[in-house]
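A.B. asks: The structure that follows is given in the form of structure tokens.
The values are calculated or read from the model by the stated rules, or taken from the named source; none is laboratory data. All values reported here derive from a predicted model rather than from experimental measurement. So basically every Cβ, Gly included, is an ideal-geometry build from the backbone, and we count neighbours across all protein chains shown. To get the accessible areas, we keep the full protein, side chains included, count just its heavy atoms, and leave off ligands, DNA and RNA. Shrake-Rupley method; radii C 1.70, N 1.55, O 1.52, S 1.80 Å.
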Amino acid sequence: FLTILWASISGFSVETAGSFLDGDCETTVFTRMLGLQKLTQDLRKSSTDIFAVQKAICNRVLGADAAPLPNINRLDGHADPTTSWLGRENARPLDAAEMNRALHAAPTPVLQGSERCELAFKGRRNVTVFTTKRLLVIDPKGWSGKRVEYLSIPWASVLAFEVETAGKTFDTDAELKVWTDMMFDPGDGTEDNPPTPYMSMLEVDFNKKLCDMTIVGRYLSSRCLQPAPGVPIAPSVLMASPPDGGLEGFISKLGHDQRAIDAGELDKKLHTSPRLLLDDENAVMAFQAGKDLTVFTTRRVFLIDFQTMSKTKVKYTSVPYSSICAFSAESAGGWDRDSQVYFHTRNLWDMRTFALDFRKGKAD
């Protein structure tokens, strides 16, 4: 008799039955446990209300109601724009109010009674929905699309996220990555079946002409970031270091060694255009290496990585402090040029550990 505690479930999905030849529907739960990262149960479609099963899991896993976020543009009355075949795979915005009504009513009563759809996007077939309680991915299967998977990831399971803006001309999509506390697929160690992120990291591509990734990033910040414990630190706690010049500056840029910059001045920029920080969030410490920035705010470690010289393609990575399990600082030695800080999170894929290098003498 295997017992899985509700608290151990980080995500779940239900899958409806397909055509008349498909005799079963399916429910799956995802956990943080190696060897038990996925448990699937087939259910006979003629005697099972799969949405009732989904509702029972929701009531146990999603927890208490969460209030809708203020000032969310749900695109009421928005018509699904037509896109060329080249960009049809990338998600485009939908009317979230209409999606909310559809997911509360038969034949697809997926959302809880008090749960509200706040943003919705559609690719070629998949639909990605941000609700007050979860990230919901609707994935039609097969050529007919009658068999549909409804994948739910509670916001509490999201450990970090990254939005990447699109570059110019030939770059047709912007991207979103979400890291969770669920297990990856370890594979079997062979070249044909290598480890894959599975549910530990999910990616969504967005149409760059139709989706504002700054809005997506601010929404996820509002849903996933919790205030850091303790009293906020004044931005003046760490003064900016003078910029390196000549050979020293060139070597620091090549080695990605960061130096301290004025956090107060950067805080003003991050609250204006584009508005990347929340209204009640402040930059406490800031560091720069070349064009790239690392910002310690009152809620997260915020990494800004410029991908092109024109600064049009940018990665914004957010790691909430609540996701960090441990950290270590390593001072520079006598002949070293840099010191390091290592962060360890609850993610088990490529966000398990990340490191930051700091220029000796330019950061405390």
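A.B. asks: So which of K268/K362; K122/K269; K208/K360; K38/K209; K38/K311; K55/K146 end up more than 30 Å apart, counting from Cα to Cα? Provide the component values of the computation, followed by the final result.
C.D. replies: Working: K268/K362 22 Å; K122/K269 32 Å; K208/K360 40 Å; K38/K209 37 Å; K38/K311 40 Å; K55/K146 20 Å.
From the list (K268/K362; K122/K269; K208/K360; K38/K209; K38/K311; K55/K146), the Cα-Cα distance tops 30 Å for K122/K269; K208/K360; K38/K209; K38/K311.
A.B. asks: Accessible area, 1.4 Å probe, largest first: how do D49, D139 sort?
C.D. replies: Values: D49 95, D139 35 Å².
Descending order: D49, D139.
A.B. asks: Helix 213-224 sits at what angle to the longest principal axis of the chain, using alpha carbons and giving 0 to 90 degrees rounded to 10?
C.D. replies: Relative to the chain, helix 213-224 is tipped by roughly 80 degrees.
A.B. asks: How far apart, in nm, are two points set 7 Å out from the Cα along the Cα-to-Cβ line at D22 and at K360?
C.D. replies: 6.2
A.B. asks: With every atom except the alpha carbons ignored, what do you get for Rg and Dmax of the range 1-150, in angstroms?
C.D. replies: Every Cα atom of the range 1-150 included, Rg and Dmax give 16.5, 53 Å.
A.B. asks: Please determine, in degrees from 0 to 90 and to the nearest 10, the orientation of helix 50-61 with respect to the longest principal axis defined by the Cα atoms of the chain, where the helix direction is its Cα long axis.
C.D. replies: 40
A.B. asks: Cut-off under 15 Å on the C-alpha distance; same-chain residues fewer than 8 positions from K133 excluded. Which aspartates and glutamates are left, in chain and number order?
C.D. replies: In chain and number order, the partners are D65, E115, E118.
A.B. asks: Name the residue, out of S19, S222, S47, whose mean-square fluctuation peaks in a Gaussian network model built on the chain with Cα pairs under 10 Å.
C.D. replies: Maximum fluctuation in the GNM of the chain, among the listed residues, is at S47.
A.B. asks: Could you please report the charge total around T108, scoring K, R as +1 and D, E as -1 over all other residues with beta-carbon less than 14 angstrom from its beta-carbon?
C.D. replies: Numbers: positive: K55, R101, K146, R147; negative: E15, D49, E98, E115, D139, E149.
Neighbour charge sum, excluding T108 itself: -2.
A.B. asks: Okay, next question. Could you list which residues have their amide H under 5 Å from that of R116, counting only those 5 or more apart in sequence or on another chain, with H placed in the peptide plane?
C.D. replies: Under 5 Å from the amide H of R116: T132, K133.
A.B. asks: Sorted from largest to smallest, which semi-axis lengths in Å does the alpha carbon gyration tensor of the range 108-199 give for its equivalent ellipsoid, taking the root of 5 times each eigenvalue? Before the final figure, lay out the partial values.
C.D. replies: Working: eigenvalues 114, 80, 61 Å².
Calculated on Cα positions only, the semi-axes equal 24, 20, 18 Å.
A.B. asks: Would you indicate which of (i) 25, 55, 18, 1; (ii) 22, 34, 27, 16, 2, 0; (iii) 28, 48, 21, 3 is the value of P(r) over Cα pairs in 20 Å bins from 0, in percent derived from the coordinates of this structure?
C.D. replies: Structure-derived value, by its label: (i).
A.B. asks: Place a +1 charge on the Cβ of each Lys and Arg in the chain and a -1 charge on the Cβ of each Asp and Glu, then give the dipole magnitude about the Cα centre in debye, rounded to the nearest 20.
C.D. replies: On the way: 42 positive and 46 negative charges, 134 e Å.
The calculated dipole for the chain is roughly 640 debye.
A.B. asks: Moving on. What net charge is computed for the residues neighbouring I324, neighbours being all others with C-beta under 14 Å from the C-beta of I324, Lys and Arg scored +1, Asp and Glu -1? Write out the running numbers ahead of the final one.
C.D. replies: Values: positive: R299, R300, R346, R352; negative: D181.
Value of the local net charge: +3.
A.B. asks: Summing Lys, Arg as +1 and Asp, Glu as -1, what charge do residues with Cβ under 14 Å from the Cβ of A67 carry, A67 excluded?
C.D. replies: Within the 14 Å Cβ shell, the charges total 0.
A.B. asks: Something else: Once you sort the root eigenvalues of the Cα gyration tensor of the range 277-337 as a ≥ b ≥ c, which label holds: rounded (a/c under 1.5), prolate (a/b larger than b/c) or oblate (the other case)? Please report the intermediate quantities before stating the final value.
C.D. replies: Working: a/c = 2.09, a/b = 1.10, b/c = 1.89.
Oblate, since a/c reaches 1.5 and b/c is not below a/b.
A.B. asks: Would you kindly state the longest site-free stretch of the chain, with sites defined as chymotrypsin sites (Phe, Trp or Tyr not before Pro) in a DSSP loop (not H, G, I, E, B) surrounded by at most 16 other Cβ atoms within 10 Å?
C.D. replies: No qualifying site falls inside 171-334, the longest such stretch.
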